[in-house]
Amino acid sequence: MHSNLVIDPGKIFRLFSGDSEISPFHDYYANEQTLLRNCSGRLFVHYNGEDLVRTYWALRKKAIICDTPERPLEISGPDSVTFLQMIFSRDVSKLKVGRGFYTISCTHGGGTFMDGILFKLSDNKFWFVQPDGDMATWMLAHSDGFAINIRDPKSRVLQVQGPKSYEIMHAISKGAIDHNFGYYHSGFFRIGEQQVFVSRTGWTGELGYEIYTLGNSTDYFQLWKTLLETGEPLGLMFSSMQAMNTRRIEAGILDSGGDFDISVSPFEVGLGRFIDTQKGQFIGSKALKTKPRERLLYGLISENLVPAAGFSIIDSENITVAKVTAGTFSPHFKTGIGYARFSNSGSWIGKQLKIVSNGGSKGYCEIVELPFYDTKKELPKKKL
């Protein structure tokens, strides 16, 4: 899995516009087929030349490691809880040290601006891990009058996901990460003689962990070497975001900016359960009270056309009623699956509709509930 190939960053940067960070792990896996994309101001591996079906099954049956573009932000200070109560939809006052939860930040108009995981590191220190977008600017714009500090801890995030992930993490932490380290638990651990932050979370719907480096104090090569030396005998494989994307669609996990944006409320994309209506006011709370509760986003299955973002969903009267926000071929179901976001609410479940690609290819799809697989979401939170 370690590559001795020297990659010329100049050749990669010409694929993109704007400034972006190349991961400090990049040289350990990159090859001639590496394709990078930009997310949250960081370049990540969209595709690395791997057999995507093989990598998918490694994720499902063993374990994968993925170098992600997630960007943690640190919020600290005596007013941090009060400030974060205003920013996020869930009750931050209930979050305990060493725990995290999924939460949403809304616009003043009730649109879905950002999602991510909020971790409580100490009484007045939090990390918010964002998938994309400029959350730092949003927070700074609303920080006047609060005794807080917002900074970038310069942390890079590795995901170790799959059924064998616990064995790997238990071994590299010398037993410190054990069966008591539950879903959404987090904390600092020593791995390979250096400290990192670890959470039991992920983007795959599988049992998994995320490892957060600590800026310049991290020996990136040693961390990567430790993970591979321990993980490869257990079947650990490197994965680009492609294989993870297939599994996250099966799991019904939404992608910020792709599956939802500020034009829709959390209720309309099935995230209403993450709006704590009892916590008091937060940004967007007043507007959300008047927003419709009907859902607009559903799953779709297409046997004769693999869906992709931008495809049109058309009814029997040849009216475009929805757009595909994400799609993939599922090796598990052996068919095309994806998400469809409808223009209007309705009784869409079970409907047979036409699907048309951006190039004009046509097929049929059935609208279904999410998630496609592990409908009770038991895999990532199972007791060990």
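Read-outs: derived from the displayed coordinates by stated rules, not from any lab. Computed from a predicted structure; not experimentally measured. When we count neighbours, we look across all protein chains shown, and the Cβ atoms used for this are built from the backbone with ideal geometry, even at glycine.
General observations
- Electrostatic dipole magnitude of the stretch 72-151 [Cβ: Lys, Arg +1; Asp, Glu -1; Cα centre; debye, to 20]: 340
- Taking amide H as placed 1.01 Å from N in the peptide plane, Arg156 has its amide H under 5 Å from the amide H of Thr213, Gly215, each at least 5 places away in sequence or on another chain.
- Local net charge near Glu193, Cβ-Cβ under 14 Å (Lys/Arg +1, Asp/Glu -1): +1
- Amide hydrogen neighbours beyond the local backbone of Gly116, cut-off 5 Å, H modeled: Thr103
- Ranking of Leu234, Leu95 by count of other Cβ atoms within 10 Å, fewest first: Leu234, Leu95
- Residue-span extension gain [Glu317 to Phe188] - 0.36 nm each, minus C-alpha spacing: 40.7 nm
- Charge-dipole axis of the stretch 72-151 as Lys and Arg at +1 and Asp and Glu at -1 on Cβ define it, positive-most pick from Val129, Phe119, Pro72: Phe119
- Among the listed pairs Lys62/Lys154; Lys354/Lys377; Lys62/Lys381; Lys96/Lys279, those beyond 27 Å (Cα-Cα): Lys62/Lys154; Lys354/Lys377
- The relative contact order of the chain comes to 17 percent, based on Cα pairs under 8 Å that sit 6 or more residues apart.
- Taking Met139, Met244, Met169 as the candidate residues, the one with maximal mean-square fluctuation in a Gaussian network model of the chain, Cα springs under 10 Å, is Met139.
- Cα-based equivalent ellipsoid, the chain: semi-axes from gyration tensor eigenvalues, Å: 32, 28, 20
- Take the Cβ atoms of Gln352 and Asp261, set R0 to 25 Å, and the FRET efficiency comes out at 0.35.
- Charge dipole of the chain (Cα centre as origin; +1 on each Lys and Arg Cβ, -1 on each Asp and Glu Cβ, all else neutral): 920 debye, rounded to the nearest 20.
- Cβ-Cβ distance of Asn180 and His108, R₀ of 30 Å, FRET efficiency by 1/(1 + (r/R0)^6): the value works out to about 0.15.
- Annotation: peptides 45-55, 77-87, ranked by per-residue average of other Cβ atoms within 10 Å with the highest first, follow the order 77-87, 45-55.
- By the rule of a C-alpha distance below 17 Å, with chain neighbours fewer than 8 residues away ignored, the aspartates and glutamates paired with Lys225 are Asp27, Asp67, Glu167, Glu193, Glu210.
- Between Asn216 and Glu303, the simple label model (points 7 Å from Cα in the Cβ direction) yields a spacing of 6.0 nm.
- Cross-link partners for Lys61 among the aspartates and glutamates, with Cα-Cα distance under 12 Å and sequence neighbours closer than 8 places in the same chain left out: Glu206.
- Considering only Leu370, Leu297, Pro331, and ranking their Cα positions along the charge dipole of the stretch 229-373 that arises from unit charges at the beta-carbon of Lys, Arg, Asp and Glu, the one farthest toward the positive end is Leu297.
- Residues Asn124 and Lys383, FRET efficiency given R0 of 30 Å [Cβ-Cβ distance, rounded to 0.05]: 0.40
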